[in-house]
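The values are calculated or read from the model by the stated rules, or taken from the named source; none is laboratory data. Since we're looking at a predicted model, the values are computed, not measured. Glycine gets a Cβ as well: all are built from the backbone with ideal geometry, and neighbour counts include every protein chain shown.
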Amino acid sequence: MRDFGLMDLDEPFTNLLTQGMVLNEIFYRKTESGRLDYFNPADVEVRLDDNRLRTGAILKSDGQPVASGGIGTMSKSKNNGVDPQALIERYGADTARLFIMFASPPEQTLEWSDAGVEGSFRFLKRMWTFAANALEQEIKPMAEKLTKDIPDSLSPEHRNALLQIHLLIKQANFDLNKHQFNTVASAAMKMLNVLDSADVRVSITNRPPVMGNQPQRIENELELARYNRAWMTWHGLGILLRLLSPITPHICDHLWRELGYGDDILQAPWPEPDPVALQQDEVELVVQVNGKLRGHIQVPVNADRGEVEQAALADENVRRFTAGQTIKKVIIVPGRLVNIVVS
């Protein structure tokens, strides 16, 4: 393009991402002439004993043994590639994309695994089921009342879930800029775990929240509890689908429409961590005794030095290692750790 006068740059790119190779097992037989005949892994059956230990492999078509050449780069010459069309027909394109993105960072080698493909399929199936149930049981009944604003009346469990989701978004966006797509996929999986956790799904009849600043047309505490749960699910799914959409576009676009977020997920803004959601009332600190980990404590974010020191010294596990010892000094690294020096 430079030589044709279409641009005046010698190097138009700022970064080169060299992708790693995809690996798979190599199976072969040696012919009488000494030539090697290679067989595709899909045509080979691996034999296992009662302890699930490998005993050999046979060709499915004739039942005769084949040798393994170990793991090697997928290639036509070794006949160890995977047919994408067969994979798409069995699992769908999104499953194939998710497995490839999740299994390895893009610059490293990826060892193909049928079990890994199955795992990716199970995750997408779980996300689909969760979204479908949430739509019918939580989101639809509250659809007209759901707002974008974070409710002041969220329970501690829901507020912690909100914090976890926005921390995951913060980390995922950082990893995305580094092309670490596997950890972005992992963040999406962790988000679903948060939304499907017992804390978020906690019975609304057992822990009604205290009435406070709540959306309009909420008539009682039980309805407010239902609203908070529906809002947390709706808010979290909206973030999850946008984060996962570049990896699994088909399922995310469909769920985006079904859940009522809009007509096109590609037109939605990319999720960013909300400073309000990231606010914490408490922080967890590591407690060490003479530099060795001995416990964890939860203290208010605005706790002064005396409160932090008192909480650390009062921890039951820490007391076992300080009993009978002389405390020489207490070192506090704000927001991170407490180190108690004893002699």
Might you check whether a residue that is under 30 Å from Ile247 (Cα atoms) and free of Cβ contacts under 8 Å to residues at least 24 places away in the same chain occurs anywhere in segment 50-73? no
Enumeration of residues in segment 44-76 that are surrounded by 10 or more Cβ atoms within 10 Å (Cβ to Cβ), among the small types (Gly, Ala, Ser) and more than 33 Å from the chain's Cα centre (by Cα): Gly56, Ala57, Ala67, Ser68, Gly69
Would you check which residues across segment 321-332 are exposed (fewer than 13 other Cβ atoms within 10 Å of the Cβ), outside any strand (DSSP E or B) and in contact (Cβ under 8 Å) with a residue 12 or more places away in the chain and list them? Thr326
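Determine whether segment 270-285 contains at least one residue that is in a helix (DSSP H, G or I) and more than 30 Å from Gln137 (Cβ to Cβ). Working first, answer last.
Within segment 270-285, the subset in a helix (DSSP H, G or I) is none.
So far as segment 270-285 goes, no, none of its residues is in a helix (DSSP H, G or I) and more than 30 Å from Gln137 (Cβ to Cβ).
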May I ask you to verify whether Ala103 is at pLDDT below 95 and not assigned by TED's automatic domain parsing to the domain that holds Lys190? yes
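Take segment 39-96 and flag every residue that is aliphatic (A, V, I, L, M) and farther than 25 Å from Ser120 by Cα. Spell out the reasoning first.
So the first thing to find is which residues in segment 39-96 are aliphatic (A, V, I, L, M), and the list is 42, 44, 46, 48, 53, 57-59, 66-67, 71, 74, 82, 86-88, 93, 96.
Of everything in segment 39-96, those that are aliphatic (A, V, I, L, M) and farther than 25 Å from Ser120 by Cα turn out to be Ala57, Ile58, Leu59, Val66, Ala67.
Condition test on Gln288, is it surrounded by fewer than 13 Cβ atoms within 10 Å (Cβ to Cβ), touching a residue at least 12 places away in the same chain (Cβ under 8 Å), outside the structural domain of Asn177 (by TED's automatic domain parsing) and part of a strand (DSSP E or B)?
Details: surrounded by fewer than 13 Cβ atoms within 10 Å (Cβ to Cβ): no; touching a residue at least 12 places away in the same chain (Cβ under 8 Å): yes; outside the structural domain of Asn177 (by TED's automatic domain parsing): yes; part of a strand (DSSP E or B): yes.
No, not satisfied.
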Residues of segment 84-106 classified as assigned to a loop (DSSP other than H, G, I, E, B) and out of contact with any strand residue (DSSP E or B) (no Cβ under 6 Å at 6 or more places or on another chain), total: 3
Quick count over segment 107-157, residues being touching a strand residue (DSSP E or B) at 6+ places or on another chain (Cβ under 6 Å) and either assigned to a helix (DSSP H, G or I) or of a type outside the set (Asp, Glu) (or both), is 3
Got a sec? Which of Leu9, Leu36 is among the hydrophobic types (A, V, I, L, M, F, W, C), at pLDDT 90 or above and farther than 22 Å from Trp112 by Cα? Leu36
Leu87 is checked against (1) free of Cβ contacts under 8 Å to residues at least 24 places away in the same chain; (2) under 29 Å from the mean Cα position of the chain (by Cα) and fails just one. What number does that condition carry? (1)
Gly335: modelled with pLDDT under 95, farther than 28 Å from Ala96 by Cβ, assigned by TED's automatic domain parsing to the domain that holds Phe130 and assigned to a loop (DSSP other than H, G, I, E, B), yes or no? no
Residues that are in contact (Cβ under 8 Å) with a residue 60 or more places away in the chain and either over 18 Å from Gly20 (Cβ atoms) or surrounded by fewer than 17 Cβ atoms within 10 Å (Cβ to Cβ) (or both), drawn from segment 106-125: Pro106, Glu107, Gln108, Thr109, Glu111, Phe123, Leu124
